[in-house]
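Worksheet: the structure to be examined is printed underneath.
The values are calculated or read from the model by the stated rules, or taken from the named source; none is laboratory data. The structure presented is a predicted model; accordingly, all values stated were derived computationally and were not measured. Positions of Cβ are backbone-derived with ideal geometry, glycine not excepted, and every protein chain shown enters the neighbour counts.
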Amino acid sequence: MANFKELLPNINTFVFDIDGVLSDGSIQVTKNGDQLRTMSTRDGIAITMALKKGYNIAVISGGNSQSVLHRFKYLGITDVFLGIEDKVATLQHYFSKKNITSINVLYMGDDIPDYYPMKECGVATCPKDAAIEIKEIVDYISDKDGGKGCVRDIIEQVMRCNGDWFKPTN
């Protein structure tokens, strides 16, 4: 993890899992059977800022809750893959479709289904509360939990490194 910051100038693409990364991993089920997740507005601000600066953002999840699509559409994320059993194949298809090189991709995941996709990317990251198996293979562990600012943390670091983060004017 010592050379983590040196990897950031290469990054132009972020790939995120949903449960445990964009959300805290908990699900509320309504009496109608709808599954509700809570997501950080600060993560959302960072996602919007990254998209406006031309970064690619994709979401790949084994879950298939359609309720998250409204949030992602609002944020401007168009590359959303839900109900995915083989995240590696989906990731490789996404790279090919967008003409992306794996070294330019930062992946943030939190649990076993993210293990192999992380190994396909230039930078692997996770939230503070990720599974131990994931923490053992990543380049960076955020000091923020899933759904509590870990996405903002990593996007902000990349954008600051590349001079793309917010600069107030006087």
task = Would you mind finding the one in Thr41, Thr30 that is loosely packed, with under 15 Cβ neighbours inside 10 Å, β-branched (Val, Ile, Thr) and modelled with pLDDT of 95 or more?
result = Thr41
note = Filtering the stretch 144-156 down to residues that are surrounded by 20 or more Cβ atoms within 10 Å (Cβ to Cβ) and either in contact with a Pro (Cβ under 6 Å, 6 or more places away or on another chain) or in a helix (DSSP H, G or I) (or both) yields Gly146, Cys150, Val151, Arg152, Asp153, Ile154, Ile155
Selection count where residues are buried (at least 19 other Cβ atoms within 10 Å of the Cβ) and at pLDDT below 95, scope the stretch 50-82 = 1
ask   = Given the conditions (1) over 20 Å from Asp43 (Cα atoms); (2) touching a helix residue (DSSP H, G or I) at 6+ places or on another chain (Cβ under 6 Å); (3) β-branched (Val, Ile, Thr), which single one is not true for Val123?
value = (1)
The stretch 4-23, subset in contact (Cβ under 8 Å) with a residue 60 or more places away in the chain and more than 13 Å from the chain's Cα centre (by Cα), residue surrounded by the most Cβ atoms within 10 Å (Cβ to Cβ) = Leu8
query = Just one of Val80, Val158, Val105, Val151 is without any contact (Cβ under 8 Å) to a residue 60 or more places away in the chain and within 18 Å of Thr13 (Cβ to Cβ); which is it?
reply = Val80
key: Leading residue by the ranking (farthest from the chain's Cα centre (by Cα)) among those in the stretch 114-147 that are over 19 Å from Ala58 (Cα atoms) and basic (Lys, Arg)   = Lys135
query = How about the stretch 108-125: which of its residues are farther than 18 Å from Arg152 by Cα and touching a residue at least 24 places away in the same chain (Cβ under 8 Å)?
reply = Asp111, Pro113, Asp114, Tyr116, Pro117, Glu120, Cys121, Gly122
request  = Could you tell me whether any residue of the stretch 53-73 is in contact (Cβ under 8 Å) with a residue 60 or more places away in the chain and within 17 Å of Cys150 (Cα to Cα)?
outcome  = no
Selection status of Glu85, over 12 Å from the mean Cα position of the chain (by Cα), surrounded by fewer than 12 Cβ atoms within 10 Å (Cβ to Cβ), among the acidic types (Asp, Glu) and closer than 24 Å to Asp139 by Cα = no
query = When you look at Ala46, is it touching a helix residue (DSSP H, G or I) at 6+ places or on another chain (Cβ under 6 Å), in a helix (DSSP H, G or I) and either at pLDDT 95 or above or surrounded by 12 or more Cβ atoms within 10 Å (Cβ to Cβ) (or both), yes or no?
reply = yes
task = Scan the stretch 35-43 and give yes if some residue there is without any contact (Cβ under 8 Å) to a residue 12 or more places away in the chain, within 17 Å of the chain's Cα centre (by Cα), outside any strand (DSSP E or B) and over 20 Å from Asp139 (Cα atoms), otherwise no.
result = yes
